[in-house]
Structure formats: C-alpha cells, structure tokens
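Quick notes on the structure that follows.
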Amino acid sequence: MNRSTLLIRGKNKMQIETQRWSKITRWLHTLIALSLTIQLILSLVLAPPDELDDASELAKAAMEGHELVGLVAAGLLLLHWLWMLIPNNDVKLGNLFPIIGTGLQQTKSDIAYLLKNKKPPYGDHGGLSGLVHGLGILIASAIAATGVGLYIVMDFTPQGFENPLFEEIAEVHELFGNFMWAYLIAHVFAAAWHEYSGERLISRMFRL
C-alpha cells in the first residue's frame, strides 16, 4: 500500500491510521534536522570571515565546521528534492506544497478545524501539516543555497569575503537563518504537542 495515511470511515466518525514513513524519508528527515540543528548551534559561536584573524580557536573551529556541515546539509536537501520527484514514494511535492486543488481545500479545512479548537482529521500528510513541512524545506533550502554561494564567493573569487557580493549574500543567509530559528522552535513545540496528544509523530519519524 503506497499511501501512508488511511481514512477509515466508521458509523459516526472518521479516524486516522498512520503508517510508518519509508526508511529513506525518515533518514533524510533525521539527517537534515540534525545538520540544521548543528548549523544553528555553530552559528552562535563562529567568527565571521573578516574577524578570523583575531578570533579564538573555538570560533575558528566553529566557522570551519559550519562550512563543512553546511555543504553536507546542502547535499542532503538536494537529495530530498530529488526524492520528492520520484513517482510512487511517500513524499510528494503536492503533500508539501498543497496550494492548489484538493490540497488547498484540505489546508483550508485543517485551518477551520484549528480555529474551532479541534484537531484536523487528515493525519500527517498534506494539508496544513504538509504545508508547514514544505515551508521548512524552503527555508532550509534558501539557507543552504546562500551558504553554498558564500562558500563559492569566499574560496573561489579573487576578492574572497571582501567581494561586495559576499556581503549581499550573507545578509540573505542571516535573514533565513533567523527564520529557521523561529521555525525550529515552533516545530519542536508543535511536535511535542502531537506527541503529548498521543499521535507519536516524533517516535514514527525518528524510528530508523
């Protein structure tokens, strides 16, 4: 069975049974989440390129680690985008970006349920849940793309970090980094709420 979420219609209600995500999806999700978390932590202590000469050894090491883990994260995100394009897998573009057709209607329905202080009846695929995850992928991808851009400008252009383009890309990189901090905090609280309410989303996603 290809669908991860089954709608089971009873006499008086509809309940949700959620199957496990595929191993590839769970590994990608786990590795991306881990790499992004490491990146955010490193960003708190690293020294920017123009301050490396006077920085502590910890700050220099954090900057080197930030570059390395950033390239790994970019590669993982590229794999995730490619994985979404493969037919008949459990993660599709329509699930993460439900902005047209039935996906949009499902998102509106989910929001209506929440406004009534009720839990949306669509499980963890598509709808508002899918849109939230899609937003996270977009933010992470923007961070990764600008990070790779910084790496290229700094290491492969004559001016390095003194190149005016470096500062422009860095500002966008930092902006999306702030968005990721907000997203991560909200995502953790939302996942904890789902876990507390008995849905066990964390347990299913990280059961590798």
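The values are calculated or read from the model by the stated rules, or taken from the named source; none is laboratory data. As the structure is a computational prediction, the values presented were derived from the model and not from experiment. Cβ: placed from backbone, ideal geometry, glycine included. Neighbour counts: every protein chain shown.
Residue check: is His125 outside any helix (DSSP H, G or I) and at pLDDT below 95?
yes
Taking Gly136 as the residue in question, decide whether it is at pLDDT below 95, among the small types (Gly, Ala, Ser) and either closer than 24 Å to Gln39 by Cα or not in a helix (DSSP H, G or I) (or both).
Criteria met by Gly136.
Let's see how each residue does on (1) assigned by the TED database to the domain that holds Ser141; (2) assigned to a helix (DSSP H, G or I):
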{"site": "Ala59", "(1), (2)": "no, yes"}
{"site": "His66", "(1), (2)": "no, yes"}
{"site": "Val69", "(1), (2)": "no, yes"}
{"site": "Ala73", "(1), (2)": "no, yes"}
{"site": "Leu82", "(1), (2)": "no, yes"}
{"site": "Pro87", "(1), (2)": "no, no"}
{"site": "Gln106", "(1), (2)": "yes, yes"}
{"site": "Ser109", "(1), (2)": "yes, yes"}
{"site": "Asn117", "(1), (2)": "yes, no"}
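I'm trying to understand the selection: among the residues of the stretch 34-48, which are surrounded by fewer than 16 Cβ atoms within 10 Å (Cβ to Cβ), of a type outside the set (Val, Ile, Thr) and assigned to a helix (DSSP H, G or I)?
Leu34, Leu40
Confirm whether Ile41 is within 23 Å of Ala144 (Cβ to Cβ), free of Cβ contacts under 8 Å to residues at least 12 places away in the same chain, of a type in the set (Val, Ile, Thr) and not assigned by the TED database to the domain that holds Ile139. Please lay out each step first, then the result.
Details: within 23 Å of Ala144 (Cβ to Cβ): yes; free of Cβ contacts under 8 Å to residues at least 12 places away in the same chain: yes; of a type in the set (Val, Ile, Thr): yes; not assigned by the TED database to the domain that holds Ile139: yes.
Answer is yes for this residue.
Only one residue in Ile185, Ile143, Ile137, Ile152 is exposed (fewer than 13 other Cβ atoms within 10 Å of the Cβ) and of a type in the set (A, V, I, L, M, F, W, C), so which one is that?
None of the others qualify; the one that does is Ile185.
Only one of these conditions is not met by Ile99: (1) modelled with pLDDT under 85; (2) hydrophobic (A, V, I, L, M, F, W, C); (3) surrounded by 19 or more Cβ atoms within 10 Å (Cβ to Cβ). Which number is it?
The number of the failed condition is (3).
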